[in-house]
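The values are calculated or read from the model by the stated rules, or taken from the named source; none is laboratory data. Just so we're clear, the structure is a prediction, and the values are computed from it rather than from any experiment. Here the Cβ positions follow ideal geometry from the backbone for every residue, glycine too, while neighbour counts run over all protein chains shown.
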């Protein structure tokens with residue numbers, strides 16, 4: 001498998017989804033602004049968002065894909081039919097659990113909302129009841145996206161990566177349609193419509209994956225639940241993998257709850273919008289690489305190709321650094337013009353823009369760590385070790401909580417993002433150190449030679465962008481054409497400087513570019 005090509009395919013579709021997501025967030029900021037209505041929706045949206053990251057993008061894929069691949073590749077088996085039988089057995093147990101969990105969350109929506117928000121800061125009983133009603137509207141999405149993840153894991157194993165990567169597009173299109181067609185002068189009504197649209201998007205995503213699976217010869221039939229040994233193994237792997245893959249999301253839940261309970265209304269919105277900008281490169285790079293690396297490394301290890309797995313992970317880390325370092329520097333140095341261009345109009349004020357940019361700078365410090373977690377954890381999951389990542393993720397969550405409590409009052413809205421960034425860095429250090437100590441990963445000469453050169457090139461780019469933004473800032477408040485042109489000019493200048501600096505410093509060579517062209521042509 002061509003790692004760069006597969007990552008590019010997923011990254012391209014994820015880019016489309018993230019662009020639509022930014023359009024959705026821009027409309028959201030314009031029509032709802034930053035206040036209690038926006039905070040209440042974002043708290044209600046946090047639970048399904050967390051579950052999507054924990055389950056759809058992390059735990060289920062990490063546990064299911066290697067087991068499904070083993071079934072399909074077993075020379076003594078029947079291939080794909082054995083894999084489908086295993087998937088049906090998993091579905092027969094998963095579906096009743098999801099139904100019971102959904103009903104329980106609906107019943108206990110009040111304490112769930114309280115846990116996610118700390119009952120907000122100085123709200124009336126009616127306001128909190130409104131927030132609970134939004135949570136009840138979004139909760140069905142959890143069950144739907146979990147079923148989507150099952151079908152997506154199968155399609156990923158069949159190398160149909162693009163189908164699963166396209167699913168989040170339906171979420172963004174549905175929320176955009178709700179904002180355009182069902183908005184109201186009352187931001188509380190608009191926020192309620194957004195909450196309902198979340199679950200509608202889950203139905204659309206499930207329909208899309210089910211159709212695609214059928215087109216690829218996969219049609220799952222529910223059976224009577226039976227805990228086979230394989231299903232028990234799968235369930236035993238899911239829970240620890242959930243915490244291991246979703247440490248960032250769990251940290252964000254903690255941050256959101258503390259911000260909602262201790263800070264003024266609007267702080268949750270600043271942190272959310274900053275996280276959305278931070279998630280753009282994370283989604284393009286981290287999720288795409290994690291999706292490709294897990295089945296690739298597990299297949300190499302299954303074939304006894306330890307050297308190939310080591311090479312794959314080295315090139316994954318190299319690619320992650322090449323893409324995340326300039327993104328980090330760009331978001332730290334130029335957060336304000338970016339936030340102004342995307343969100344600074346309608347109900348979203350200039351002060352809201354500045355505070356969002358400050359939260360973005362704090363989040364972005366941890367961007368390389370967020371992506372490297374996605375690169376390193378497949379080294380554990382492919383070896384069927386889910387306990388070590390969950391242990392380290394737990395430690396990082398403790399660090400996050402402690403740092404949140406220390407930083408949230410003095411740094412206000414910047415405290416939770418900075419705590420999340422630092423705790424993710426702790427997680428990466430633990431994962432990397434353990435893989436090295438076990439002999440499962442060692443940076444090769446090429447990675448060592450290029451890493452520091454990439455960092456210097458990114459800092460050079462950041463200096464140029466920081467100087468350029470002075471002239472571009474006035475254009476971030478014009479029409480969409482003017483805003484878009486200003487952002488393209490800023491990003492284009494940064495990309496050009498970074499590309500030139502990597503060549504000048506030897507981080508990449510003309511031979512590398514020629515190799516990429518030959519691979520593309522091939």
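Odds and ends about this structure:
- The single condition from (1) closer than 30 Å to residue 495 by Cα; (2) surrounded by fewer than 19 Cβ atoms within 10 Å (Cβ to Cβ) that residue 360 fails is (2).
- Test: residue in the range 108-118 that is at pLDDT below 80, touching a helix residue (DSSP H, G or I) at 6+ places or on another chain (Cβ under 8 Å) and buried (at least 20 other Cβ atoms within 10 Å of the Cβ): no
- Among the residues of the range 337-352, those that are crowded, with 20+ Cβ neighbours inside 10 Å and either on the phi > 0 side of the Ramachandran plot or in a helix (DSSP H, G or I) (or both) comprise 337, 338, 339, 340, 341, 342, 343, 352.
- Filter pass, residue 355 being surrounded by fewer than 21 Cβ atoms within 10 Å (Cβ to Cβ), touching a helix residue (DSSP H, G or I) at 6+ places or on another chain (Cβ under 8 Å) and more than 18 Å from residue 310 (Cα to Cα): no
- Of all residues assigned to the range 124-137, none qualifies as being under 27 Å from residue 69 (Cα atoms), part of a helix (DSSP H, G or I) and in the same structural domain as residue 263 (by TED's automatic domain parsing).
- Selection status of residue 96, in a helix (DSSP H, G or I), surrounded by fewer than 17 Cβ atoms within 10 Å (Cβ to Cβ) and touching a residue at least 60 places away in the same chain (Cβ under 8 Å): yes
Yes/no per residue for (1) touching a residue at least 60 places away in the same chain (Cβ under 8 Å); (2) touching a helix residue (DSSP H, G or I) at 6+ places or on another chain (Cβ under 7 Å); (3) under 30 Å from residue 298 (Cα atoms):
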| site | (1), (2), (3) |
| --- | --- |
| 140 | yes, yes, no |
| 145 | yes, yes, yes |
| 148 | yes, yes, yes |
| 156 | yes, yes, yes |
| 183 | yes, yes, no |
| 207 | no, no, yes |
| 211 | no, no, yes |
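- Test result for residue 386, closer than 30 Å to residue 481 by Cβ and surrounded by 24 or more Cβ atoms within 10 Å (Cβ to Cβ): no
- Of the helices (runs of 4 or more DSSP H) lying entirely inside the range 138-232, the ones with 3 or more residues being modelled with pLDDT under 85 are found at 140-157, 161-181.
- Within the set 69, 121, the sole residue that is in a loop (DSSP other than H, G, I, E, B) and either surrounded by fewer than 21 Cβ atoms within 10 Å (Cβ to Cβ) or at pLDDT below 80 (or both) turns out to be 121.
- Selected residue [within 14 Å of residue 368 (Cα to Cα) and modelled with pLDDT of 85 or more] from 316, 330, 283, 266: 330
- If you go through the range 148-181 and pick out every residue that is under 20 Å from the mean Cα position of the chain (by Cα), buried (at least 21 other Cβ atoms within 10 Å of the Cβ) and within 14 Å of residue 201 (Cβ to Cβ), you end up with 8.
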